[in-house]
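The numbers here are math on the coordinates, done by the rules we state, and not lab data. Predicted model, so just to flag it, every value in this text is computed and none were measured. Here the Cβ is made from the backbone with ideal geometry for all residues, glycine too, and neighbour counts use every protein chain on show.
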Amino acid sequence: MAHDSPPGTDDAARARAIGEELPRATAGPPVTVRCEGVTHQYGDDSSGLRSASSRSVTALRDVSFEAHAGEVVGLVGPSGSGKSTVLHVVGGLLEPSEGTVVVLDTDLTALSPAERTRLRRDHIGFVFQQFHLLPSLSARDNVALPLIERGVGRRERQRRAAAVLERVGLGDRLTHKPGELSGGEQQRVAIARALVTDPEIVLADEPTGELDTETGARVLELLVDVVDDRTVLVATHDERAIEVTDRVLRLLDGVVTTDAR
């Protein structure tokens, strides 16, 4: 009795016979961050009783974008354009007034504050303009701080912190305190601290704001070098970011005006 061949079998056989390969479906990098119609107002008073000094300010207006694993996205714009607010919304530090924020397939707007804190702790690293290093601790101990909250033992904390400091070029500064480091070295410690938990997403808010031009350029290059398969969002008014990012979102008055690669 003759049997029907499964669909595609004849095509595959013919392709093999003449040395050709059938086209293969390729999946792109997964979407790690998705904002849809995000609007955020500071000072909003739903009671309707609002003094002149507490009028709401719209920081974001209908912002929508996606970011993928392995992608470095620059959020560029002047002060007050909404760059930092985007990072705070993506990082779960702010709940938007309207819209949806999905991070690693989780809708942040559907989570409780405690659940957002857990997601942020386990999956997101932050780099701030101000380094926020504890002056009494060594570079290694500053980097190890996020691991304490995860319950990692002291010896393993120190091992991981030393490894990531080596990666950012500070393997010979493990025991130096912040006051013994240059501004660029302190920012690299801050970057190492953001990476020590091996987060899928890194959010950098004006990481070159306290640095001179040359040092700032090196820090931007470092952020790109350590990306691997992470998603990195860099908020900056520094136009040099365009040179090292895969894509640039320009914001003005809380609105994304351009999204270009």
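As I understand it, the dipole of the chain uses +1 on the Cβ of Lys and Arg and -1 on the Cβ of Asp and Glu, about the Cα centre. Which of Val89, Gln41, Gly183 lies farthest toward its positive end?
Going by the Cα projections, it comes out as Gly183.
Arg118: net charge of surrounding residues, Cβ under 13 Å, Lys/Arg +1, Asp/Glu -1, itself excluded?
+1
Within 10 Å, at most 14 other Cβ atoms, and a DSSP state outside H, G, I, E, B define an exposed site. Report the longest part of the chain free of exposed GluC sites (Glu not before Pro).
Numbers: sites that count: Glu20, Glu21, Glu239.
For GluC sites (Glu not before Pro) (loop position, at most 14 other Cβ atoms within 10 Å), the longest site-free span of the chain is 22-238.
What number, rounded to the nearest 500 deg cm²/dmol, is the helix-based mean residue ellipticity at 222 nm of the chain, given -39500 (n - 2.57) per DSSP H run of at least four residues and division by all its residues? Kindly include the intermediate steps, with their values, before the conclusion.
Details: 8 runs with 83 residues, N = 261.
Result for the chain: -9500 deg cm²/dmol, rounded to the nearest 500.
Using a Förster distance of 45 angstrom, determine the FRET efficiency expected from the C-beta separation of Leu252 and Asp107, and round it to 0.05. Don't jump to the answer; show the numbers that get you there.
Details: r = 28 Å, r/R0 = 0.61.
Rounded to the nearest 0.05, the efficiency is 0.95.
Rounded if a/c is under 1.5, else prolate if a/b beats b/c, else oblate: with a ≥ b ≥ c from the C-alpha gyration tensor eigenvalues square-rooted, which is segment 75-211?
It is oblate, given that a/c is not under 1.5 and a/b is not larger than b/c.
Please compute the net charge surrounding Val226, taking Lys and Arg as +1 and Asp and Glu as -1 over other residues with Cβ under 15 Å from its Cβ.
Around Val226, the charge tally is -3.
Would you mind classifying segment 153-203 by shape? Square roots of the alpha carbon gyration tensor eigenvalues, ordered a ≥ b ≥ c; an a/c under 1.5 is rounded, otherwise it is prolate if a/b is larger than b/c and oblate if not.
Taking the square roots of the gyration eigenvalues as a ≥ b ≥ c, segment 153-203 is oblate.
What nm value, rounded to one decimal, do you get for the distance between Arg159 and His132 when each label is placed 7 Å out toward the C-beta?
Each label point is offset 7 Å from its Cα along the Cβ direction, giving 2.8 nm.
Which option, [x] 26, 25, 19; [y] 31, 21, 19; [z] 37, 29, 19, is the value of semi-axes √(5λ) of the Cα gyration tensor in Å that was calculated from these coordinates?
Correct label, based on the coordinates given: [z].
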